[in-house]
1. Considering segment 37-59 alone, what residues qualify as being open to solvent by 10 Å² or more (accessible area, probe 1.4 Å), assigned to a loop (DSSP other than H, G, I, E, B) and farther than 21 Å from Ala156 by Cβ?
2. Report, by residue number, each residue of segment 118-132 that is crowded, with 22+ Cβ neighbours inside 10 Å and closer than 22 Å to Leu85 by Cβ.
3. Give me the pairs, please: first residue somewhere in segment 272-298 and outside the structural domain of Pro153 (by TED's automatic domain parsing), second residue anywhere and open to solvent by 10 Å² or more (accessible area, probe 1.4 Å) and of a type in the set (Phe, Trp, Tyr), beta-carbon distance under 8 Å, and either six or more positions apart or on two chains.
4. Could we say that His230 is in a loop (DSSP other than H, G, I, E, B), modelled with pLDDT under 95 and either in contact with a strand residue (DSSP E or B) (Cβ under 8 Å, 6 or more places away or on another chain) or open to solvent by 30 Å² or more (accessible area, probe 1.4 Å) (or both) here?
5. From (1) surrounded by 15 or more Cβ atoms within 10 Å (Cβ to Cβ); (2) under 24 Å from Phe190 (Cα atoms), pick out the condition that doesn't hold for Leu140.
6. When the residues of segment 295-319 are filtered to those that are out of contact with any Leu (no Cβ under 7 Å at 6 or more places or on another chain) and under 13 Å from Gly234 (Cα atoms), which remaining residue is surrounded by the most Cβ atoms within 10 Å (Cβ to Cβ)?
7. Taking only segment 158-186 into account, find how many residues are surrounded by fewer than 23 Cβ atoms within 10 Å (Cβ to Cβ) and closer than 20 Å to Lys89 by Cβ.
Amino acid sequence: MKNSYSNIFTFNKKNLKKTINCLNNGDVAALPTETVYGIGGNAYKKSSIKKIFKLKGRPKSNPLIIHYFNLDKAKNDIVLNDYFLKLYKNFCPGPITFVLKKKAKSKIQPLASAKLKTIAVRFPKHKIIRSILKKINFPLAMPSANKSNKVSPINALDVFEDFKNKIKIIINGGRSKIGIESTVIDLTNFPTILRPGIINKNSIEKVLKLKMKQKFENKKIKSPGMMKRHYSPGIPVLINQNKHDKKSAFMYLGNKYKNNKNFFSMSKRSNLDEAAYNLYKIFRIIKKKGYKKIQINKIPKIGAGIAINDRIKKASNFK
Ligand code: TXA
Ligand code: MG
């Protein structure tokens with residue numbers, strides 16, 4: 001595909017090679033995953049990790065997720081436990097991240113995991129990221145490919161919007177199928193969800209045969225994805241709204257207001273997975289149309305609605 005963006009590439013053999021060279025040389029690349037796009041770099045190399053933090057403007061205290069092709073490639077870095085093995089078997093590759101104890105001999109750069117004794121690992125499902133992870137001899141530290149605190153990108157152009165030509169390679173892998181970030185679960189003690197996602201509490205409980213608390217509602221920052229202001233579209237967001245102000249954009253579930261241009265349905269059939277898929281896309285559309293404020297109707301706190309509520313609550317902390 002020819003396009004006017006000299007750093008956005010389609011995925012083919014030649015560009016796969018180019019990407020792998022870039023990563024082998026310690027540079028970073030923006031890559032598609034099934035959740036959102038990420039900026040990936042060699043997790044064993046300090047200079048690559050530094051580049052990622054710098055590009056994003058990310059506080060050093062906020063650790064990165066380390067991405068692997070499979071368990072075999074991760075074995076030297078993580079201390080395995082039964083919870084992890086069960087969840088891995090059921091959900092991986094897929095949109096879930098595990099916080100585990102780091103092995104003493106692990107080569108993961110301490111900076112990548114904010115000098116913690118734990119690391120967050122993920123085994124993404126997207127075909128492109130898997131074909132890259134398979135061919136390199138190191139895992140990828142890969143946060144979402146947005147500036148710190150902003151909305152995660154769900155296609156190559158979203159990445160370009162935040163970084164322009166500052167990232168040499170942005171691989172176009174189409175629209176991310178899930179549209180919000182992976183579920184983050186801490187397995188270093190009794191399982192605790194730190195960041196809700198599409199793989200939800202119920203399905204994890206079924207696999208582990210136990211009941212968890214909704215700890216991610218806690219104020220304490222264990223996972224900086226829990227930071228107060230996050231996922232921000234850059235304009236005020238008000239949640240649990242019943243009425244619509246004339247000049248603001250109104251997000252809701254269903255089809256009721258289809259003839260009013262200020263109303264944006266997240267899912268015409270009120271499906272919460274679809275609403276999660278559309279959340280960041282609609283944030284970006286509304287911002288581009290020049291609205292000064294977003295109001296969001298009450299979203300049920302079930303299934304993917306829990307993850308949606310988490311993201312919009314944090315987005316609502318914009319001042
Ligand atoms: O879907 C995703 O997970 C995407 C794609 C690109 O894979 N990545 C992503 O990365 O969302 P990022 O950096 O935007 O979010 C990483 C989250 C943060 O909330 C961070 O605090 C948490 O994972 N995290 C990373 N390491 C951790 C650790 N050792 N302990 C607790 N939380 C950790
Ligand atoms: Mg992020």
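1. Residues satisfying the conditions are Tyr44, Lys45, Pro59.
2. Across segment 118-132, the qualifying residues are Ile119, Ala120, Val121, Arg122, Phe123, Pro124.
3. Partner pairs satisfying both residue conditions: Ile282/Phe264; Ile285/Phe264; Ile286/Phe264.
4. On the way: in a loop (DSSP other than H, G, I, E, B): yes; modelled with pLDDT under 95: yes; either in contact with a strand residue (DSSP E or B) (Cβ under 8 Å, 6 or more places away or on another chain) or open to solvent by 30 Å² or more (accessible area, probe 1.4 Å) (or both): no.
The answer is no for His230.
5. Among (1) surrounded by 15 or more Cβ atoms within 10 Å (Cβ to Cβ); (2) under 24 Å from Phe190 (Cα atoms), the lone unmet condition for Leu140 is (2).
6. Ala315
7. Summing the residues that are surrounded by fewer than 23 Cβ atoms within 10 Å (Cβ to Cβ) and closer than 20 Å to Lys89 by Cβ in segment 158-186 gives 1.
Residues are listed down the side, and each one gets a yes or a no for (1) of a type in the set (Ser, Thr, Tyr); (2) out of contact with any Ser or Thr (no Cβ under 8 Å at 6 or more places or on another chain); (3) within 14 Å of ligand 1 (Cβ to nearest atom); (4) more than 18 Å from Ile96 (Cα to Cα):
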{"position": "Ile132", "(1), (2), (3), (4)": "no, no, yes, yes"}
{"position": "Pro139", "(1), (2), (3), (4)": "no, yes, yes, no"}
{"position": "Ser144", "(1), (2), (3), (4)": "yes, no, yes, no"}
{"position": "Pro153", "(1), (2), (3), (4)": "no, no, yes, no"}
{"position": "Val159", "(1), (2), (3), (4)": "no, yes, yes, yes"}
{"position": "Asp162", "(1), (2), (3), (4)": "no, yes, yes, yes"}
{"position": "Lys166", "(1), (2), (3), (4)": "no, yes, no, yes"}
{"position": "Ile170", "(1), (2), (3), (4)": "no, yes, yes, yes"}
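The values are calculated or read from the model by the stated rules, or taken from the named source; none is laboratory data. All figures in this text were calculated on a predicted structure; none of them were measured in a lab. Here the Cβ is made from the backbone with ideal geometry for all residues, glycine too, and neighbour counts use every protein chain on show. The area values use the complete protein model at the heavy-atom level, side chains included, leaving out ligands, DNA and RNA. Shrake-Rupley method; radii C 1.70, N 1.55, O 1.52, S 1.80 Å.
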